[in-house]
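The values are calculated or read from the model by the stated rules, or taken from the named source; none is laboratory data. A quick note: this is a predicted structure, and the numbers were derived from the prediction, not measured. Glycine also receives a Cβ, built like all others from the backbone with ideal geometry; neighbour counts cover every protein chain displayed. With ligands, DNA and RNA removed, areas are computed over all heavy atoms of the protein, side chains included. Shrake-Rupley method; radii C 1.70, N 1.55, O 1.52, S 1.80 Å.
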Amino acid sequence: MAINNAILGEMDVPESYLTTLPKTGRQSVGDVIYRHMQTTEQFSADHVLNSLNISSEHEALEIADKVEAALYIWKRKVNVGHTKSTWDMSLVSDFMADGDKNTVLMSRAQSLLLALKHQFPSLSQTTLDTSKIQYNKDVGQAILESYSRVLESLAFNIVSWIDDVLLADDAAKKGN
């Protein structure tokens with residue numbers, strides 16, 4: 001899973017994905033999640049996930065898609081803010097405050113996405129991951145990504161088999 005995430009992280013974000021994003025991260029994640037993320041108190045991704053009462057992997061994937069989209073919106077705003085230069089110091093301080101806010105929101109979105117993937121380890125690929133795979137032009141990355149998915153599947157099967165053996169062993173011990 002780590003290999004797959006690393007390879008997907010190295011792939012370029014397709015322009016077609018970026019053009020479909022809403023204008024603001026708030027529009028992407030919605031008011032409830034945004035309020036949790038912008039709080040000045042200590043941020044806890046686990047607290048946010050607990051408050052959302054996610055009942056299925058489908059819901060978790062929807063939230064992951066929204067948070068990932070917001071993450072790229074804020075990342076783009078941070079990058080645009082760093083490339084703008086102006087002589088008006090009031091505008092510079094506005095850009096810095098906005099950039100700091102977007103940096104904090106970006107960081108919190110990353111931690112929320114990571115916590116979501118930890119809470120739902122078998123979560124399928126997000127819309128961004130699917131877009132990266134679909135529009136990837138690097139053959140080497142494509143081979144590594146698909147190979148890592150095969151390894152991930154094999155590892156899951158091995159863990160399942162081990163669980164089955166342990167359950168059978170426990171049942172045999174209780175039967176004696």
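Within the stretch 110-131, the residues that satisfy the criterion of being out of contact with any Pro (no Cβ under 6 Å at 6 or more places or on another chain) and open to solvent by less than 40 Å² (accessible area, probe 1.4 Å) are Leu112, Leu113, Ala115, Leu116, Phe120, Leu123, Thr126, Leu128, Asp129.
Would you check which residues across the stretch 6-34 are among the small types (Gly, Ala, Ser) and within 21 Å of Lys132 (Cβ to Cβ) and list them? Ala6, Gly9, Ser16, Gly25, Ser28 - these are the residues of the stretch 6-34 that are among the small types (Gly, Ala, Ser) and within 21 Å of Lys132 (Cβ to Cβ). Can you name the residue in the stretch 46-74 that is in contact (Cβ under 8 Å) with a residue 60 or more places away in the chain and among the small types (Gly, Ala, Ser) and is also surrounded by the fewest Cβ atoms within 10 Å (Cβ to Cβ) among such residues? The extreme case among them is Ala60. Can you pull out the residues in the stretch 91-149 that are among the small types (Gly, Ala, Ser), farther than 20 Å from Met37 by Cβ and modelled with pLDDT under 90? Answer for the stretch 91-149, where residues must be among the small types (Gly, Ala, Ser), farther than 20 Å from Met37 by Cβ and modelled with pLDDT under 90: Ser93, Ser122, Ser124, Gly140, Ala142, Ser146, Ser148.
Screening the stretch 1-81 for helices (runs of 4 or more DSSP H) wholly inside it with 3 or more residues that are within 16 Å of the chain's Cα centre (by Cα) returns the ranges 2-10, 25-29, 31-38, 45-52.
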